[in-house]
Amino acid sequence: MRVLDLTALGGRRIDAHGSKGFSVAAFGLTAEAHLVTVTLAPGGVIGRHPAAARQLLVVLDGEAVVSGGSDGTGEAVTVGPGHAVVWEPYEPHETRTVDGLVALVLEGEVEVGTPGHHVDPGDV
């Protein structure tokens, strides 16, 4: 067993797409997907951009105001710890926060089920 201190990852600042107060730190990578932590400072934003692949954002701390939609004008929804958001490949999306946010993002070839749905038959 290994215990990972995600707070010690540091990260790199991202300003693309009009983003502000946004940093990302990678800690998992496969040929099909990568796993990063995302930190948004209070008032931070990950500017609207198309998802490069299926993207799953899992809120760990704070609240995210997220939007998506095929035309990029989807209704904003607030999500907090225990919630996840899925964006499909090429879907324009944006993430904002009022008070700050820490989240995990998994991006790539990943099958995302719904609560109660077993993606892996070994889970039953």
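The values are calculated or read from the model by the stated rules, or taken from the named source; none is laboratory data. Nothing here was measured: the structure is a model prediction, and the numbers come from that model. Here Cβ is always computed from backbone atoms with ideal geometry, including for glycine, and neighbour counts include all displayed protein chains. The protein model used for the area step is the full one, side chains on, heavy atoms only, and it has no ligands, DNA or RNA in it. Shrake-Rupley method; radii C 1.70, N 1.55, O 1.52, S 1.80 Å.
From the list Gly28, Gly21, Gly74, Gly44, exactly one residue is part of a strand (DSSP E or B) and touching a His at 6+ places or on another chain (Cβ under 9 Å). Which is it?
Just one listed residue meets the conditions, Gly28.
Among (1) at pLDDT 80 or above; (2) open to solvent by 20 Å² or more (accessible area, probe 1.4 Å); (3) over 18 Å from Pro89 (Cβ atoms), there is one condition Ala52 misses while meeting the rest; what is its number?
With respect to (1) at pLDDT 80 or above; (2) open to solvent by 20 Å² or more (accessible area, probe 1.4 Å); (3) over 18 Å from Pro89 (Cβ atoms), Ala52 is out only on (3).
Do you know which of the residues in segment 77-97 that are outside any strand (DSSP E or B) and out of contact with any Asp or Glu (no Cβ under 7 Å at 6 or more places or on another chain) is most open to solvent (accessible area, probe 1.4 Å)? Show your work before the answer.
Residues of segment 77-97 outside any strand (DSSP E or B): 80-83, 88-91, 97.
After this cut, where a residue has to be out of contact with any Asp or Glu (no Cβ under 7 Å at 6 or more places or on another chain) as well, the list is 82-83, 88-91.
On the way: Gly82: 80, His83: 99, Glu88: 77, Pro89: 60, Tyr90: 172, Glu91: 39 Å².
Checked segment 77-97; the qualifying residue most open to solvent (accessible area, probe 1.4 Å) is Tyr90.
Residues are listed down the side, and each one gets a yes or a no for (1) out of contact with any Gly (no Cβ under 8 Å at 6 or more places or on another chain); (2) touching a residue at least 24 places away in the same chain (Cβ under 8 Å):
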residue	(1), (2)
Gly44	no, yes
Gln55	yes, yes
Glu63	no, yes
Val66	yes, yes
Val79	yes, no
Gly82	yes, no
Glu94	no, yes
Glu109	yes, yes
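Among the residues in segment 60-73, are any open to solvent by less than 30 Å² (accessible area, probe 1.4 Å), at pLDDT below 80 and hydrophobic (A, V, I, L, M, F, W, C)?
no
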